[in-house]
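Asker: Take a look at this one; I'll ask things after.
The values are calculated or read from the model by the stated rules, or taken from the named source; none is laboratory data. None of these values were measured; they are calculated from a predicted model. Here the Cβ positions follow ideal geometry from the backbone for every residue, glycine too, while neighbour counts run over all protein chains shown.
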Amino acid sequence: MRYREQFERQVVREDVWIPVGDGSTRLHARVWRPADAEADPVPALLEYLPYRKSDWTAPRDAQRHPWYAGHGYASVRVDIRGHGDSEGTPGDEYDARELADGVDVVNWLAAQSWCTGRVGMFGISWGGFNSLQIAALAPEPLKAIVTVCSADDRYDNDVHYTGGAVLGIDMLAWAGTMLAFASRPPDPQVVGADRWLPMWRERLDSVEPFLHTWLDHQQRDAYWRHGSVCEDYGAVQAAVLAVGGWNDPYRDTVLRLVEHLPADRVRGIVGPWSHQYPDRGLPPGPAIGFLQETRRWWDHWLKDKDTGVMSEPLLRAWVNDPVPPATSYDVMPGRWVGDTDRPSRNVAWSERPLGTDTGPVLVRSPQHTGVDAGRFFPFGNASDLPPDQREEDGRSVCFDSDVLHERVEILGRPRLRLRLDSATPRANVIARLCDVAPDGSSTLVTRGVLNLLSRHGRDRVAEWTPGTYEDVEFELTGIGYAFPPGHRIRIAVSDAYWPWVWPHGERGELTVLPADSALLLPVREIGDEPEIGFEEPEQAPPLPVTYDAPAEPRPERLITYDVAKGEWTLEVDPNYGGSRTYPDGLRYEERARETYRIRHDDPLSARAVSEWHIRLRRGDDWDAEIMARTELQATAADFVMESRIEARANGETVAKRAWHRTTPRTSG
């Protein structure tokens with residue numbers, strides 16, 4: 001990593017208020033820009049988030065915003081309404097108010113005397129989502145975006161549902177996280193010592209658990225179509241650089257954007273990365289000079305410079321070389337490849353039947369199948385990735401290829417076609433694609449899920465008629481991977497995958513006809529490749545933040561089995577950064593724990609809990625605490641949700657709120 005101390009232009013930083021809506025609400029923004037921008041205006045770059053620029057994202061912001069400013073941009077970080085130091089109350093994720101405010105911010109930036117009138121947006125995860133969504137609203141000054149680890153489909157490629165199934169691990173966990181995050185107070189140093197507590201009370205009075213809304217919409221309806229740019233790719237008029245990682249759950253968005261947006265204003269990059277900006281050096285690497293690459297993008301679209309960025313292949317993708325199973329890799333071996341057309345002329349479908357003269361096969365997995373799935377959002381931590389899949393394979397039905405005699409390289413979204421029958425009207429089917437080495441070790445390559453209720457469309461429910469066979473086909477998540485000679489390709493099929501997939505209420509089983517079923521692989525021809533390379537990572541100097549070692553270190557992921565009860569428990573520490581002290585004296589502390597329990601033979605025993613404790617303090621004058629707890633269970637007929645928060649200021653209770661909610665299980 002290179003830290004750039006000197007830039008082409010001297011950088012100044014200022015905090016400003018941006019009026020939105022009717023002007024009665026102001027969003028707080030931090031602007032880094034060249035000191036001479038009033039005399040020599042520059043384009044503006046916007047990152048727009050609920051994650052608090054004053055503390056939570058401050059270290060990451062310091063890496064990139066001053067760097068962009070030093071290279072001739074006004075780089076602006078804005079707290080969304082009701083979050084951080086901005087006024088107003090928090091709303092649902094990506095709601096119409098958030099997006100309308102974002103359009104107002106884009107127009108405000110374009111009108112500033114230090115701005116040329118051209119604006120770009122960028123962001124990772126939430127900021128990548130709303131960059132795409134605001135681009136689909138097409139404010140005139142917004143000419144280009146960089147969207148990282150984001151989704152074009154809010155229903156089937158986010159933290160709520162996957163393959164039409166309730167995403168148990170992050171439906172609950174992210175709802176619990178956002179309940180805690182939305183309950184955090186503004187900073188009195190920014191909003192004023194006399195305003196912060198009334199502002200905080202207003203937030204606490206208005207906050208509602210996202211979980212209620214998400215489970216009220218179990219099919220793909222208007223709620224999910226809002227903000228899903230896949231509904232109308234043509235609405236996106238800005239140029240789009242889409243970036244993702246093979247260890248991020250949103251990576252298919254890069255493939256779809258490259259497929260559906262006009263080739264003269266889209267480019268895609270997929271590396272081996274987790275849910276992180278690809279210059280941060282977090283596992284798995286290799287990291288790239290992401291800021292330099294995005295500067296090429298901005299210079300082309302916002303400054304009319306010929307940087308050669310549009311001469312790059314339409315998609316630049318990393319193909320992973322085979323690796324033994326591990327929960328973390330500092331650097332993933334592999335190579336960059338480039339495709340200049342769509343669909344790629346280098347990729348052809350290879351159909352591989354699951355069997356020939358094989359009779360019916362019964363799939364009846366124990367309910368704890370999935371405990372070795374790894375983290376849904378790998379974050380660069382030591383326990384993120386799936387371990388050896390041999391135990392999971394043993395809980396599944398496996399179909400293995402013959403031993404490979406040559407390297408088989410795939411790039412894209414594999415598909416699985418199954419002819420099957422379900423013993424119950426409601427069931428899930430899960431497929432894992434694994435690389436099996438000669439020693440029997442099994443490395444997870446990719447996976448996919450289908451809720452059989454949604455097999456005819458995510459917007460409808462179609463119960464199965466037991467005793468009848470149907471052909472179903474579903475995609476696995478995209479991947480670039482090379483199976484080596486001497487290994488086998490395995491497809492492992494199960495009807496349970498806890499806690500990723502919330503189980504249906506009735507214990508069932510599937511009957512699969514292997515001879516009428518097939519794995520379809522996007523096999524990439526290995527030949528001459530365009531030369532693809534990136535500069536080494538470069539950033540602005542890091543923010544001098546002091547991180548604490550935990551007083552009582554806890555495992556990031558701990559699996560226990562109560563033999564007498566037949567109960568499996570997965571405990572997770574999401575490890576977003578722990579406790580830290582900032583240069584301005586702010587002390588930020590956070591502890592979080594997620595717990596997932598299930599008995600191996602009872603789908604109705606599934607239970608998930610998210611617990612958060614956050615404390616912010618500065619000196620002896622300001623001390624704010626938030627405790628939040630969210631729990632999800634289910635009966636055969638309903639989901640049952642329990643949530644509560646407690647907030648304290650200087651030891652005194654400011655607010656206590658509790659919610660109990662049930663909602664019918666329409667498709668979950």
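Asker: How about region 313-327: which of its residues are among the hydrophobic types (A, V, I, L, M, F, W, C) and either assigned to a loop (DSSP other than H, G, I, E, B) or in the same structural domain as Tyr469 (by TED's automatic domain parsing) (or both)?
Answerer: Leu314, Val323, Ala326
Asker: What number goes with the only condition from (1) at pLDDT 95 or above; (2) closer than 20 Å to Ala373 by Cα; (3) within 24 Å of the chain's Cα centre (by Cα) that Arg599 does not pass?
Answerer: It is condition (3) that Arg599 fails.
Asker: Related question: Taking the conditions exactly as written (out of contact with any Pro (no Cβ under 8 Å at 6 or more places or on another chain), under 16 Å from Ala373 (Cβ atoms) and not acidic (Asp, Glu)), does Pro574 satisfy them or not?
Answerer: yes
Asker: Let me ask something additional. Filter region 578-588 for residues that are without any contact (Cβ under 8 Å) to a residue 40 or more places away in the chain and either of a type in the set (A, V, I, L, M) or at positive phi (or both) and give the result.
Answerer: Gly578, Gly585
Asker: Any residue at all in region 650-663 that's surrounded by fewer than 16 Cβ atoms within 10 Å (Cβ to Cβ), among the acidic types (Asp, Glu) and either under 19 Å from Trp502 (Cα atoms) or in the same structural domain as Gln367 (by TED's automatic domain parsing) (or both)?
Answerer: Taking every residue of region 650-663 in turn, none turns out to be surrounded by fewer than 16 Cβ atoms within 10 Å (Cβ to Cβ), among the acidic types (Asp, Glu) and either under 19 Å from Trp502 (Cα atoms) or in the same structural domain as Gln367 (by TED's automatic domain parsing) (or both).
Asker: Additional query: Could you look through region 1-41, keep only residues that are in contact with a Ser or Thr (Cβ under 6 Å, 6 or more places away or on another chain) and buried (at least 22 other Cβ atoms within 10 Å of the Cβ), and pick out the one that is nearest to Phe122 (Cα to Cα)?
Answerer: Trp32
Asker: I've got another one for you. Collect the residues in region 297-312 that are among the basic types (Lys, Arg) and assigned to a helix (DSSP H, G or I), keeping them in residue-number order.
Answerer: Across region 297-312, the qualifying residue is only Lys303.
Asker: Consider Tyr250 carefully, then state whether it is free of Cβ contacts under 8 Å to residues at least 12 places away in the same chain and under 29 Å from Ile169 (Cα atoms).
Answerer: No, not satisfied.
Asker: When only residues in region 230-266 that are surrounded by fewer than 24 Cβ atoms within 10 Å (Cβ to Cβ) and basic (Lys, Arg) count, which is farthest from the chain's Cα centre (by Cα)?
Answerer: Ranking the qualifying residues of region 230-266, first place goes to Arg265.
Let's see how each residue does on (1) in the same structural domain as Phe474 (by TED's automatic domain parsing); (2) at pLDDT below 95; (3) touching a helix residue (DSSP H, G or I) at 6+ places or on another chain (Cβ under 9 Å); (4) buried (at least 23 other Cβ atoms within 10 Å of the Cβ):
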{"site": "Gly374", "(1), (2), (3), (4)": "yes, no, no, no"}
{"site": "Pro387", "(1), (2), (3), (4)": "yes, no, no, no"}
{"site": "Asp400", "(1), (2), (3), (4)": "yes, no, no, no"}
{"site": "Arg407", "(1), (2), (3), (4)": "yes, no, no, no"}
{"site": "Leu411", "(1), (2), (3), (4)": "yes, no, no, yes"}
{"site": "Arg415", "(1), (2), (3), (4)": "yes, no, no, no"}
{"site": "Leu418", "(1), (2), (3), (4)": "yes, no, yes, yes"}
{"site": "Asn428", "(1), (2), (3), (4)": "yes, no, yes, yes"}
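Asker: A further question follows. Applying the selection to region 121-132, what residues are buried (at least 24 other Cβ atoms within 10 Å of the Cβ) and part of a helix (DSSP H, G or I)?
Answerer: Matches in region 121-132: Gly127, Gly128, Phe129, Asn130, Ser131, Leu132.
Asker: Going through region 519-541 one residue at a time, which ones are under 30 Å from Ser579 (Cβ atoms) and either part of a strand (DSSP E or B) or in the same structural domain as Thr358 (by TED's automatic domain parsing) (or both)? Explain how you work it out, then say what you get.
Answerer: Going through region 519-541, the residues under 30 Å from Ser579 (Cβ atoms) turn out to be 537-541.
Of everything in region 519-541, those that are under 30 Å from Ser579 (Cβ atoms) and either part of a strand (DSSP E or B) or in the same structural domain as Thr358 (by TED's automatic domain parsing) (or both) turn out to be Glu538, Gln539.
Asker: Can you tell me which residues in region 542-551 are surrounded by fewer than 11 Cβ atoms within 10 Å (Cβ to Cβ), within 29 Å of the chain's Cα centre (by Cα) and assigned to a loop (DSSP other than H, G, I, E, B)?
Answerer: Pro544, Ala549
Asker: At least 3 residues that are surrounded by 21 or more Cβ atoms within 10 Å (Cβ to Cβ) and within 25 Å of the chain's Cα centre (by Cα) in each: list the strands (runs of 3 or more DSSP E) lying fully within region 448-518 that qualify.
Answerer: 479-483, 488-494
Asker: Now for a different question. Criterion first (in a strand (DSSP E or B), in contact with a strand residue (DSSP E or B) (Cβ under 6 Å, 6 or more places away or on another chain), closer than 20 Å to Asp435 by Cα and aromatic (Phe, Trp, Tyr)) does Trp273 satisfy it?
Answerer: So Trp273 does not fit the description; no.
Asker: Moving on. Which pairs have Cβ atoms under 6 Å, sit 6 or more apart or on different chains, and link a residue in region 79-108 that is within 19 Å of His212 (Cα to Cα) to one that is buried (at least 23 other Cβ atoms within 10 Å of the Cβ) and of a type in the set (Gly, Ala, Ser)?
Answerer: Hits for this filter: Thr89/Gly82; Pro90/Gly82; Pro90/Ala182; Tyr94/Gly227.
Asker: What is the residue count in region 211-226 for residues that are surrounded by fewer than 23 Cβ atoms within 10 Å (Cβ to Cβ), within 23 Å of Asp152 (Cβ to Cβ) and either touching a residue at least 24 places away in the same chain (Cβ under 8 Å) or of a type outside the set (A, V, I, L, M) (or both)?
Answerer: 10
Asker: Name the single residue that is nearest to the chain's Cα centre (by Cα) among those in region 277-294 being assigned to a helix (DSSP H, G or I) and surrounded by 20 or more Cβ atoms within 10 Å (Cβ to Cβ). Talk me through it step by step, then tell me what you get.
Answerer: The first filter runs over region 277-294 and keeps only residues assigned to a helix (DSSP H, G or I), leaving 290-294.
Narrowing further to those that are surrounded by 20 or more Cβ atoms within 10 Å (Cβ to Cβ): 290-291, 293-294.
Working: Phe290: 18, Leu291: 20, Glu293: 22, Thr294: 20 Å.
This residue is Phe290.
Asker: Then there is this: Can you tell me which residues in region 564-609 are in a strand (DSSP E or B), among the acidic types (Asp, Glu) and either in the same structural domain as Trp502 (by TED's automatic domain parsing) or under 23 Å from Ile626 (Cβ atoms) (or both)?
Answerer: Glu571, Glu589, Glu590, Glu594
Asker: Here is a further query. Inspect region 161-171 for any residue being free of Cβ contacts under 8 Å to residues at least 40 places away in the same chain and either of a type outside the set (Ser, Thr, Tyr) or not in a helix (DSSP H, G or I) (or both) and give the result as yes or no.
Answerer: The answer is no, given that none of the residues of region 161-171 is free of Cβ contacts under 8 Å to residues at least 40 places away in the same chain and either of a type outside the set (Ser, Thr, Tyr) or not in a helix (DSSP H, G or I) (or both).
Asker: Any chance region 612-634 includes a residue that's part of a loop (DSSP other than H, G, I, E, B), crowded, with 18+ Cβ neighbours inside 10 Å, outside the structural domain of Glu463 (by TED's automatic domain parsing) and among the hydroxyl-bearing types (Ser, Thr, Tyr)?
Answerer: No, region 612-634 contains no residue that is part of a loop (DSSP other than H, G, I, E, B), crowded, with 18+ Cβ neighbours inside 10 Å, outside the structural domain of Glu463 (by TED's automatic domain parsing) and among the hydroxyl-bearing types (Ser, Thr, Tyr).
Asker: Taking the criterion of being within 28 Å of Glu140 (Cα to Cα), in contact with a Phe, Trp or Tyr (Cβ under 8 Å, 6 or more places away or on another chain) and buried (at least 19 other Cβ atoms within 10 Å of the Cβ), would at least one residue in region 303-322 satisfy it?
Answerer: Yes, there is a match, as at least one residue in region 303-322 is within 28 Å of Glu140 (Cα to Cα), in contact with a Phe, Trp or Tyr (Cβ under 8 Å, 6 or more places away or on another chain) and buried (at least 19 other Cβ atoms within 10 Å of the Cβ).
Asker: Only one of (1) out of contact with any strand residue (DSSP E or B) (no Cβ under 7 Å at 6 or more places or on another chain); (2) at negative phi fails for Lys303. Which number is that?
Answerer: That leaves (1) as the condition not met.
Asker: Output the residue which, of all residues in region 328-341 that are of a type outside the set (A, V, I, L, M, F, W, C), assigned to a loop (DSSP other than H, G, I, E, B) and under 25 Å from the mean Cα position of the chain (by Cα), is surrounded by the most Cβ atoms within 10 Å (Cβ to Cβ).
Answerer: Restricting to residues being of a type outside the set (A, V, I, L, M, F, W, C), assigned to a loop (DSSP other than H, G, I, E, B) and under 25 Å from the mean Cα position of the chain (by Cα), the top hit is Tyr329.
Asker: Let me ask something else. Which one is farthest from Tyr576 (Cα to Cα), of the residues in region 632-662 that are charged (D, E, K, R) and touching a residue at least 40 places away in the same chain (Cβ under 8 Å)?
Answerer: Out of the qualifying residues, it is Arg661.
Asker: Tell me which helices (runs of 4 or more DSSP H) are completely within region 191-234 and hold 3 or more residues being closer than 21 Å to Trp126 by Cβ, or say none if there are none.
Answerer: Of the helices (runs of 4 or more DSSP H) lying wholly inside region 191-234, those with at least 3 residues that are closer than 21 Å to Trp126 by Cβ span 210-216, 222-225.
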